[in-house]
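Any read-out appearing in this document is the output of simple, stated calculations on the displayed coordinates, not a laboratory observation. Because the structure is a prediction, the values reported are computed rather than measured. Cβ atoms come from the backbone with ideal geometry, glycine included; neighbour counts cover every protein chain shown.
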Amino acid sequence: MNRLRISSWQLLAAAPALAVLAACGTTSTPASPPGGSPPAAAPAASLTVELDWTFRVPSSAADPLKLVGLNKADLAVSYEPEMFYGQQAGLPAVAVAAVVSVPLNGLIVSPKIPITSLCQISGHSVGFTGVPSDYAFYHTLLHTCHLSARQVPGQAVGYNLVRAILSGKVDAIIGGYRNVEAIQISQEMNKTATDFPATTLGVPAYDELVLVANARRLASDSAYASAVKRFVAALVAGTNAAMKNPAGATAIMQTVSQYKPSFLQVSVPYTLRLLAHNTSTKTGCMSLGAWRGFGAWMKAHKLIHDTPNAAAIMTDKYLPYPSC
């Protein structure tokens, strides 16, 4: 049995799938929207997976790719944008599966602001962490709605995005996740926050979280390649099992997460519903065309300088399907 060292900066969004690699049932339960009611409980069954792993949490979002590239971690959960940054930096990293195959980032609006369509954001302020991609999302939003920065003033508020909304510092945020910050804001304010996914802002579709391996080791180390393939198969099986039993996945998350049960009872089922609604592709599959489109968008917004080569940083070869 191979011990895999897995590095992840943002595990919460991926955790429903990762947490149920070892146990989940088969009863399907509808998931809840942000701020909604938790699903009814369902009996759990077992799913045996022949894997052994060790998790480690790095200090920044860029570190997982670096750790994999330097052989200090065998796998990492990272972001599609980071894959293009890594390519530009010459890191030998390749995405081998989509963990969360839909965008989670986007615009989250305070429940105090009664808007029902994206471009009603005119006249309201937007806060973001200050990372370059947030600015690109913000300017894409302005372009989509034919608005100016004066009409929708933006400001960097750091990483405490929820507090920026709760304190009234800004009316909306970019950089938060609809299955995390949107729910936290809704629960804190006892009213549902409106969210608009990145694709609504005009950003091309992308995989929010991906599983990353070392490309050179995959080509040269058959034992490593085999272990990665088995891990990917387990991830797919766990994700599918979780989607069939959100209540079982939620129960597992409550035993391994520091988040409040009231939050997990909404966030986990909602995350799984987002995954289940992406019916155009099999679990874990990635679209080369979509990656090319997103890479081109990143270059157009000067997030990267080199011409991206999406085919070199993603592969479906290790998924448990003949083809995607």
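Observations
- In nm, spacing of pseudo-spin labels at residue 119 and residue 56 (7 Å Cα→C-beta vector): 5.0
- Calculated over the stretch 105-201, the projected area of the Cα convex hull averaged across directions stands at 5.1 nm².
- The length gained on full extension between residue 200 and residue 156, counted as 0.36 nm times the residue separation minus their Cα-Cα distance, comes to 13.7 nm.
- Computed from backbone phi, the HN-Hα couplings of the stretch 127-142 come to x, 8, 5, x, 6, x, 5, 4, 5, 5, 4, 4, 5, 5, 4, 4 Hz, rounded to whole numbers (Karplus: 6.51 cos²θ - 1.76 cosθ + 1.60, θ = phi - 60°; Gly and Pro given as x).
- Residues 138, 321 in ascending order of nearby Cβ atoms (within 10 Å, fewest first): 321, 138.
- In the stretch 105-201, the DSSP beta bridges split such that about 55 percent are antiparallel, to the nearest 5.
- With neighbour counts taken as other beta-carbon atoms within 10 Å, the residues 128, 55, 263 rank, fewest first, as 55, 263, 128.
- Taking 15 Å as the cut-off, the amide N atoms of the stretch 97-121 that come nearer than this to a point 7 Å along the Cα-to-beta-carbon line of residue 190 belong to 111-112.
- Fully extending the segment from residue 312 to residue 222, taken as 0.36 nm per residue of separation minus the present Cα-Cα distance, adds 30.5 nm.
- Filter on 244/317; 260/317; 72/169; 260/302; 229/302; 66/302 - keep pairs with C-alpha separation over 31 Å: 260/317; 72/169; 260/302; 229/302
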